[in-house]
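See below for the structure under consideration.
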């Protein structure tokens with residue numbers, strides 16, 4: 001019962017925040033004007049700038065900012081206990097993350113849909129524009145390089161998810177053409193498409209799991225380039241090139257609208273399953289996992305500041321400013337929709353993160369899922385609940401959670417001897433954390449009577465769909481950043497959207513397909529440790545642009561200034577710890593590539609802050625107007 005109460009209180013808190021704090025920001029601070037001319041109307045080209053109904057743009061915005069972030073981050077952070085993670089998700093979403101996303105969207109809307117990096121040039125200074133865009137470029141390169149690996153691994157771990165994810169693409173294109181060419185309604189077709197996807201989930205789970213390792217007889221990762229990750233990465237990058245140069249109405253909008261339905265339905269099922277499991281005593285958050293963990297392995301980083309870096313999406317993430325000011329601001333058809341899209345989508349992501357935390361603790365506490373080589377057994381899964389003696393009721397203790405998080409995985413030999421392998425912070429790999437949510441969520445769905453195999457498929461497709469959405473949205477965003485940098489440097493070839501997109505993907509592929517810790521195709525993992533702090537640094541820099549925008553318009557800034565300080569301090573603290581910690585720091589472990597990138601990132605941050613300090617004294621009330629439209633679009 002306590003598990004359900006915590007979930008309900010969190011959701012009610014988000015609803016109250018939207019209708020109080022969110023409305024205050026919309027009306028009193030930003031003064032949203034439904035009559036104002038927005039970029040989607042002023043610069044309409046039916047490719048990137050397309051006026052879009054708020055329900056559709058909400059679907060795009062939410063599925064783009066979500067990805068695997070609000071799943072993997074909270075799944076790792078409960079390592080320190082569920083309460084710190086829950087508090088950061090709820091309070092961070094309301095007072096930092098939603099303000100960041102909303103503010104970035106409004107600032108871009110009032111600057112012809114420019115990215116926050118481009119706007120920084122006018123709000124802070126010309127050098128700030130280049131610095132910000134360069135940080136965006138670095139961050140997006142890492143995102144593109146790693147997400148090919150992420151999705152390839154998800155497809156390999158959960159082959160039942162592949163068919164449904166790829167079926168969605170032609171369905172979305174058909175819906176886009178239907179709406180744009182024929183003026184049809186999107187709601188009914190998108191619901192029908194979701195139904196077809198669920199049929200695909202069933203086929204993938206029971207009849208046709210697409211496992212390239214088995215089909216082609218090649219390893220997931222290995223010493224040569226003939227492995228599953230390389231193949232999926234190349235396929236995904238080809239798809240991303242096509243998706244990111246197509247008009248947004250062709251694929252991006254309808255696909256993301258379908259994904260938003262998928263999320264809502266999955267969340268409803270998860271919450272219903274959580275309610276049934278909680279009311280019947282099958283799940284208990286307090287009994288299943290520690291409120292604040294005390295048996296943290298010595299190799300784990302300190303909760304301060306790493307909690308605020310580990311949980312990004314779900315609380316606040318710098319990547320969101322790219323979506324707000326990169327794609328969403330070019331599609332919003334009325335300023336009055338900005339609260340719904342910017343503030344509301346972030347709160348929904350916070351709600352998803354709350355469900356992830358509960359699934360990874362109370363859900364995992366209901367039992368343990370084991371992946372087996374025998375695909376005839378529930379599609380390769382067996383469920384082993386921890387039962388009370390002489391009863392069918394599970395024991396609600398922390399054994400299952402501790403096995404997953406604190407000590408590692410249990411292996412049983414032929415003679416019945418059990419040993420624990422892995423464990424500790426170093427064992428926090430993508431597979432374990434994604435499967436924590438999928439397995440725990442599958443437990444909740446099973447409490448509703450949904451077959452285990454189908455529940456796993458539903459959760460796996462949810463994760464894979466969001467990851468794929470983030471990948472091709474990030475490609476489009478990187479294209480915008482490259483075009484803006486090229487315009488600044490007056491290098492005309494890269495202002496072409498096809499050339500810029502190809503450059504972005506070739507660079508990402510070069511990083512992703514390099515020799516990495518697990519052979520060719522895992523090269524993106526080499527730079528992944530940089531992403532957490534770099535991503536959160538982007539949030540701090542975006543807040544700086546928002547603060548300057550408000551100062552120049554003589555608006556209050558305290559509600560953005562305090563989050564700015566937090567999001568500049570925490571990432572810097574974390575990065576310095578990663579660089580200079582005597583035991584694990586990159587400088588002392590010989591990871592000089594990471595150390596060099598860390599020095600560059602910290603230098604850019606200090607430089608950006610210095611630019612802000614120099615521009616501050618003349619900023620109050622001094623708002624630079626946009627140049628004439630012909631000048632702004634001369635290229």
Any residue that is assigned to a helix (DSSP H, G or I), closer than 30 Å to residue 561 by Cβ and either in contact with a helix residue (DSSP H, G or I) (Cβ under 8 Å, 6 or more places away or on another chain) or at pLDDT below 90 (or both) - is there at least one of those in segment 622-635? yes
Note on segment 145-191: residues farther than 30 Å from residue 520 by Cβ and buried (at least 16 other Cβ atoms within 10 Å of the Cβ) are 171, 172, 173, 175, 176, 179, 180, 186, 189, 190
Residue count, segment 574-596, condition assigned to a helix (DSSP H, G or I) and more than 16 Å from residue 538 (Cβ to Cβ), comes to 14
The conditions are (1) over 24 Å from the mean Cα position of the chain (by Cα); (2) modelled with pLDDT of 90 or more, and residue 95 fails exactly one of them. Which is it? (1)
Scan 526, 501, 534 and give me the residue that is in contact with a strand residue (DSSP E or B) (Cβ under 6 Å, 6 or more places away or on another chain), part of a helix (DSSP H, G or I), in contact (Cβ under 8 Å) with a residue 12 or more places away in the chain and closer than 26 Å to residue 151 by Cβ. 526
Filter result for the condition that a residue is assigned to a helix (DSSP H, G or I) and buried (at least 19 other Cβ atoms within 10 Å of the Cβ), over 265, 274: 274
Scanning segment 32-49 for residues that are under 28 Å from the mean Cα position of the chain (by Cα) and part of a helix (DSSP H, G or I), the one surrounded by the fewest Cβ atoms within 10 Å (Cβ to Cβ) turns out to be 39
Output the number of the condition that residue 178 fails; it satisfies all remaining conditions of (1) assigned to a helix (DSSP H, G or I); (2) within 22 Å of the chain's Cα centre (by Cα). (2)
So which residues in segment 16-31 are under 27 Å from the mean Cα position of the chain (by Cα) and either in contact (Cβ under 8 Å) with a residue 24 or more places away in the chain or surrounded by 14 or more Cβ atoms within 10 Å (Cβ to Cβ) (or both)? 17, 18, 21, 22, 23, 25, 26, 30
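Listed here are the residues, each with its yes/no results for (1) surrounded by fewer than 21 Cβ atoms within 10 Å (Cβ to Cβ); (2) closer than 20 Å to residue 528 by Cβ; (3) within 26 Å of the chain's Cα centre (by Cα); (4) touching a residue at least 24 places away in the same chain (Cβ under 8 Å).
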position	(1), (2), (3), (4)
548	no, no, no, yes
552	yes, no, no, yes
561	yes, no, yes, no
598	no, yes, yes, yes
609	yes, no, no, yes
613	yes, no, no, no
Search result, residues across segment 566-596 that are farther than 17 Å from residue 139 by Cβ, loosely packed, with under 15 Cβ neighbours inside 10 Å and free of Cβ contacts under 8 Å to residues at least 24 places away in the same chain: 580, 582, 583, 588, 589, 590, 592
Quick check, is residue 193 closer than 23 Å to residue 442 by Cβ, under 26 Å from the mean Cα position of the chain (by Cα) and modelled with pLDDT of 85 or more? no
Residue 292 passes all but one of the listed conditions (1) at pLDDT 80 or above; (2) assigned to a helix (DSSP H, G or I); (3) surrounded by fewer than 19 Cβ atoms within 10 Å (Cβ to Cβ); the exception is number (2)
In segment 222-257, what residues are in a loop (DSSP other than H, G, I, E, B) and more than 15 Å from residue 519 (Cβ to Cβ)? 246, 247, 248, 249, 250, 251
Working carefully through the options 482, 450, find the one that is surrounded by 24 or more Cβ atoms within 10 Å (Cβ to Cβ) and at pLDDT 85 or above. 482
Which one is surrounded by the fewest Cβ atoms within 10 Å (Cβ to Cβ) among residues in segment 109-129 that are more than 23 Å from residue 466 (Cα to Cα) and under 21 Å from the mean Cα position of the chain (by Cα)? 117
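The values are calculated or read from the model by the stated rules, or taken from the named source; none is laboratory data. No experiment lies behind these values; they were computed from the predicted model shown. Methodologically, a virtual Cβ is constructed for each residue, glycine included, from the backbone with ideal geometry; neighbour enumeration extends over all protein chains shown.
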